[in-house]
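The structure under discussion appears below in the form of structure tokens.
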Amino acid sequence: MTKKYAEEIEQAYTVITVMEEAQRCLLCHDAPCSESCPAGTDPGKFIRSVRFRNFKGAAETIRENNALGGICARVCPTERYCQKACSRCGIDRPIDIGGIQRFVTDFEARANMHILRKGEAIGKKIAVVGSGPSGLQAAASLLQMGYEVDIYDKNAKAGGYLRYGIPQYRLPNEVVDKEIEHIAELGAQFKLGVTVGKDVTMDELKAKYDAVLLAIGFSAPKVLPMFEGSEIVETAVSFLARVKESKGEVELPQNIVVIGGGDVAMDVVTTLKVLGVKNVTDVVYEEFHEFLASKKELRGAQELGVTIIDGYIPAEFADHTVTFKHRHIDSVLKIKTDKVILAVGQKAEAENLGVELVKNEVTFDGYKTPDAKVFVTGDIAHGDKTVVYAVRKGKEAAAAIHESLGGNK
Amino acid sequence: MINKDLSVEFLGVHFENPFCLSSSPVGNCYDMCKKAYDTGWGGVVFKTIGPKHFLIDEVSPRFDALTKEGTPFVGFKNMEQIAEHPLEENLADVKRLKEEYPNKVLIASIMGTNEEDWTELARLVEEAGADMIEMNLSCPQMTSHAMGSDVGSNPDLCRKYCAAVKRGSKLPMIAKMTPNIMDMVPVAKACLEGGADGISCINTIKSVVNVDLDRKIGLPIINGKSSISGYSGKAVKPVALRFIQQLRMGEGLHDLAISGIGGIETWEDAAEFILLGATTLQVTTAIMQYGYRVVEDMKNGLMHYMEEQGVDRLQDLVGLANANIIPAEELDRDYIVYPEINYDVCINCGRCYVSCYDGAHQAMEWDKENRKVRCNKEKCVGCHLCALVCPVKAISKGEVVLKPGRPGNPADKKV
């Protein structure tokens, strides 16, 4: 089943089929899709470029705005943003904007385009801590402004959750590699396997750099107390990383209970099914009408035969049996299982970074911390925790740093 | 399933339906024509038969297509000339087809290089059993200037060759016109003077369809070069309809017998040609793209159209639109019909706004906040570009207003 895991689940457009999809686009005036992307992508413009067969121009529109255009094309919940706004909804169904963006960024790679340009050196140096989407985008933005950028990450490879979390069939690591390659070409230096706050201190960074940007993300899993210490319990973070690193070569039992109903939970249950696990039961706190995961991911899981039970909270765990109680009705559910995977959220690991977090977030809006040299972005900054928001925050944090350091003066 | 009589009489020949293969690659041998007859075509114009001494030597590849967005074959380019089989083989095929399909029509297309050729070919195809002759005076990609569209743009040569054909055969004869000419009427009249009984039009339009941008060569590429050659398909339909209309408007030609050709692929296309004066119809490009089966929907669709129109004889529709296409100077210029926007249907895409501003008279106003358009009648000239670009057909003809000082009643205008 590893082949199924290793290959992208969504079929890519060809030159012919992408023209058919682009032809469906109404080419609206003041295109509403273009006003609906948190990262500022302009689908109205790049789809028009595709329609008029200017694939290279389309790639420029995407890439210049978003250093992670190929990644966003695959993982963005477009149904909530650009595709929700699409005027074509008034006729039948929205344009497949994510799919067209994927075609264009794949074309960009095939044509070996190098769109982003390093800015003229301004002699200032920034440390970015964390190489997830927000750190990468911030680095790309800063490099284009002429800063030198070093990117620190505790893992052996860059990419954060993009590399270690999102399953291969949804986001191949080769795509992550390509985007990181473009950022490295702008001059980013990667300091990998280095944990800031342990291997190197914040004070050392602050002494060496003009600014430090914390883009540490939510890298640590949350664990419910009743499950702590059990051998049959694994966290989603650990499971997804293990599967992706081994390219799907993992041993799994045939009965697995997953707890959680966000996009991470959907990635876990879908991965389990793709890997051939017979009985995958997902028990979710939220009821379907308030479901957190994107509709597309939920539908994907259901199509693969995942059993999803909504509205239940785990109450007890003993002898391989989890007992759940319904949130509103008098109902008890007991499931005997070989394995439990917890996808109940993640938290930041911010030890020794000198930044105060409440409920995993900073206590202020924006990106400037009370320490004039330290900035934050990504999950620990206020705002949504999706990749597209990480990109937006990365751009805004870079702008905040630029402003604090005197802008273009 | 609907069943109506699609038969027509054309120059004394009975066609069970008006749909024929045109003289082209689609009717190149016995097997092809047999399959076409079996699929339901009413007639075949067998691929042009040339004189024995003119050898056909084709290039490879020999076609190209113009595409647009997701649409293949907006137009089609062909470099193939006339039938490449030996004369005897073509005549034997004609004979066999006529023997096996006595009720289907077989039109022999011929092309000579001089009067003797034309006379002899006419004699031979009549002898082989053809029902009718079509003179190919119009192929734009012949390797001899004594043949094809170079001849068809010269009225004197046309007259002379038509007479030559009539000397060789008493069969009804139609002359096939080239559109690579400003005015077709003098050529058609010359053909009729020479003895032609009717006209088929149009042949293909001289074209360069695409250029390879890396190699800087037109397509298709033949050993590093290409040539101008004939363009056909949906894109040429408007040109064909224009020539047919102009022929029927020519002095003394209002009953001219016409076989219509040029981009026919649906029953609607077919009906348009008939309404402008074609009695029979000829098709190639749609067959090359989709096969002989396209005739099924053309026939069935045309029957439904006849039913809707309350017509029992297809022939009753021939030429009904001719009188409604008049010179520009005779059109009523006294009124403006304003567009009417159906806001229940409008999906607020703003396309009408863009086109009105950039391509018309800046009359559509855009309320950015509410994504709503409004037509400013102070500026609107009633051109209806907006209606054409609207993707949901939310714009129709609304209020009719007379221009200042013009006579008449707006309610009487047939907008």
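Quick look at the values:
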item	result
Å³ per residue enclosed by the Cα convex hull of the protein assembly as shown	240
Sequence-distant aspartates and glutamates (8 or more away, or on other chains) whose Cα lies within less than 19 Å of B:K52	B:E80, B:E84, B:E88, B:E89, B:D93, B:E115, B:E116, B:D117, B:E120, B:E126, B:E127, B:E134
Inter-site label distance for B:T39 and A:T195 at 7 Å from Cα along Cβ, in nm	7.3
Proximal charge balance of B:G310 [Cβ under 12 Å; K/R count +1, D/E count -1]	-2
Angle in degrees between helix B:185-194 and the longest Cα principal axis of chain B, rounded to the nearest 10	30
Backbone N within segment B:255-290 under 20 Å of label point (7 Å from B:E308 Cα along the Cβ vector)	B:264-278
Counting DSSP beta bridges with both ends in segment A:272-409, the antiparallel % (nearest 5)	75
Gaussian network model of chain B, springs between alpha carbon atoms under 10 Å - residue of B:G350, B:G70, B:G233 with greatest fluctuation	B:G350
Top of A:R102, A:R163, A:R110 by mean-square fluctuation, Gaussian network on chain A, Cα under 10 Å	A:R110
Proximal aspartates and glutamates to A:K296, defined as alpha-carbon separation beneath 16 angstrom and excluding residues fewer than eight positions away on the same chain	A:E8, A:E10, A:E79, A:D96, A:D263, A:D267
FRET efficiency, 1/(1 + (r/R0)^6) with R0 56 Å, evaluated for B:K414 and B:E127 via beta carbons	0.55
Heavy atoms of B:C383 accessible to a 1.4 Å probe, total area in Å² rounded to 10	80
Under 21 Å between alpha carbons - lysine pairs in segment A:330-396 that sit 8 or more apart or on different chains	14
Projected-area average for chain B over all orientations - Cα convex hull basis, square nanometres	24.3
Whole-angstrom Cα spans of chain A along principal axes, big to small	65, 55, 38
Relative contact order of segment A:221-345, defined on C-alpha pairs under 8 angstrom at six or more residues apart (%)	33
Mean separation of Cα contacts under 8 Å (6+ apart) over length of segment B:333-415, as relative contact order %	42
For segment A:342-367 versus segment B:258-322, the gap between their alpha-carbon centres in whole angstrom	72
Tilt relative to chain B, helix B:30-39 - C-alpha long axis, 0 to 90 degrees, to 10	40
Loss of accessible area when B meets A, both sides summed, Å² nearest 100, probe 1.4 Å	1200
Count, lysine Cα pairs under 16 Å in segment B:355-406, 8 or more residues apart or across chains	4
Residue-normalised accessible area of segment B:267-415, expressed per residue, 1.4 Å probe, Å²	56
Exposure ranking of A:H382, B:H361 by accessible area [1.4 Å probe, largest first]	B:H361, A:H382
Carbon plus sulfur fraction of accessible area for chain A, probe 1.4 Å, in percent	49
Relative contact order, percent, chain A [alpha-carbon distance under 8 Å, six or more residues apart]	18
B:V392 - accessible surface, heavy atoms, 1.4 Å probe, Å² rounded to 10	30
Of all DSSP beta bridges in the protein assembly as shown, antiparallel share, percent nearest 5	40
Cα pair distances exceeding 19 angstrom across segment A:221-345, given as percent	43
Debye log10 I(q)/I(0) at q = 0.18, 0.20 Å⁻¹ for segment A:2-110, Cα point scatterers	-0.82, -1.01
Rounded percent of accessible protein surface that carbon and sulfur make up, segment B:8-324, 1.4 Å probe	52
A:F46 accessible area, 1.4 Å probe, all protein chains in place, Å² to nearest 10	0
Protein-protein interface of segment B:47-91, residues with accessible area decrease of at least 40 Å², isolated chain reference, 1.4 Å probe	B:E69, B:G70
Solvent exposure ordering (accessible area, 1.4 Å, most first) of B:L91, A:L357, A:L240, B:L388	B:L388, A:L357, B:L91, A:L240
Ranked packing of B:308-321, A:19-32, most packed first, by mean Cβ within 10 Å	A:19-32, B:308-321
Mean-position separation - Cα centroids, segment B:336-357 and segment B:203-228, in angstrom	40
Average accessible area per residue (Å²) across segment A:2-110 - probe 1.4 Å, nucleic acids and ligands excluded	42
Centroid-to-centroid separation of segment B:90-126 and segment A:222-300 [C-alpha atoms, Å]	76
Violating pairs (Cα-Cα greater than 23 angstrom) within the set B:K34/B:K189; B:K68/B:K414; B:K77/B:K237; B:K34/B:K77	B:K34/B:K189; B:K68/B:K414; B:K34/B:K77
Antiparallel content of DSSP bridges confined to segment A:221-345, in %, to 5	40
Nearest 10 degrees, 0 to 90: helix B:237-249 Cα axis against chain B principal axis	80
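The values are calculated or read from the model by the stated rules, or taken from the named source; none is laboratory data. What you see is a predicted model; the values in this text were computed from it and never measured. Methodologically, a virtual Cβ is constructed for each residue, glycine included, from the backbone with ideal geometry; neighbour enumeration extends over all protein chains shown. What goes into the accessible areas is simple: the full protein's heavy atoms, side chains included, and nothing from ligands, DNA or RNA. Shrake-Rupley method; radii C 1.70, N 1.55, O 1.52, S 1.80 Å.
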